[in-house]
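To start, the structure itself, in structure tokens.
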Amino acid sequence: MNINAIKGKLQNEGYKLTTQRRAILNVMIDNSEEHLSPEEVYNIVKKEYPDLGIATVYRTLQLFEKLNIICKLNFDDGCSRYELSTDSEGHHHHHLICLSCGKVIEVKLDLLEALEEEIEKEGQFTIVDHNVKFYGHCSECKNKSL
Ligand SMILES: [Zn+2]
Ligand SMILES: [Zn+2]
Ligand SMILES: [Zn+2]
């Protein structure tokens, strides 16, 4: 999703892309590989916009989430984290979570559509999405423990 698409989305819902929203959005775009918590977004954004308060960051992230510009993730580390939505229809990637260092790695590999089809064949349920986290040890931590 590019900045114009996001701008359009905000406008459709009656929101302006204000300087503050733009600043927070830029942080999300610049760190699209990361999964930032509101505190982390705040720490980055305040370097350039020292007047911007953390409450604004929270509010803005909630707004972006409501508009499906970003999505909320839970890695069981005690805070909410966010990443940009791929696109309106797009499938989210899955996450590998290292139990030793807490690093989150993204996996594009996805064989779960086939599983969804199999489940739907049973006729009891229509699946619209799935969300998978894999827990284990990253290569760095694995090497350290050897
Ligand atoms: Zn690790
Ligand atoms: Zn991710
Ligand atoms: Zn998937």
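For the pairs LYS66/LYS108; LYS108/LYS133; LYS7/LYS46; LYS103/LYS142; LYS103/LYS133, note any where the Cα-Cα span goes beyond 19 Å. In this structure, LYS66/LYS108; LYS7/LYS46 lie more than 19 Å apart at Cα. In this rough spin-label picture, where each label sits 7 Å from Cα along the Cβ direction, the HIS92-ASN4 distance is 2.9 nm.
Note on the chain: dipole from Cβ charges, positive end direction compared against ASN12, HIS94, LEU25; the farthest Cα belongs to LEU25. Here the ratio of the Cα radius of gyration of the stretch 1-90 to 2.2 N^0.38 Å is 1.01. Accessible area per residue (1.4 Å probe, heavy atoms of protein chains only) ranks PHE125, PHE64 as PHE125, PHE64, with the largest value leading. Here the stretch 1-31 and the stretch 99-146 have alpha carbon centers that stand 30 Å from each other.
Helix-derived [θ] at 222 nm for the chain: sum -39500 (n - 2.57) over DSSP H runs of at least 4, divide by residue count, nearest 500?
The helix-only estimate for the chain comes to -13000 deg cm²/dmol at 222 nm.
The charge dipole of the chain, taken about its Cα centre with unit charges on the Cβ of Lys, Arg, Asp and Glu (plus for the first two, minus for the last two), comes to roughly 760 debye. Think of a 1.4 Å ball rolled over the protein heavy atoms: the stretch 91-146 then has 79 Å² of accessible area per residue.
The apolar share of the surface of the stretch 16-146, taken as the fraction of accessible area on carbon and sulfur atoms (1.4 Å probe, ligands and nucleic acids excluded), comes to 51 percent. Full extension of the chain between GLU122 and VAL107 gives 2.6 nm of extra length, using 0.36 nm per residue less the Cα-Cα distance.
What accessible area per residue, rounded to a whole number of Å², is obtained for the stretch 1-90 using a probe radius of 1.4 Å?
58 Å²
The values are calculated or read from the model by the stated rules, or taken from the named source; none is laboratory data. No experiment lies behind these values; they were computed from the predicted model shown. Please note: Cβ atoms are built from the backbone with ideal geometry, for glycine as well, and neighbour counts cover all protein chains shown. To get the accessible areas, we keep the full protein, side chains included, count just its heavy atoms, and leave off ligands, DNA and RNA. Shrake-Rupley method; radii C 1.70, N 1.55, O 1.52, S 1.80 Å.
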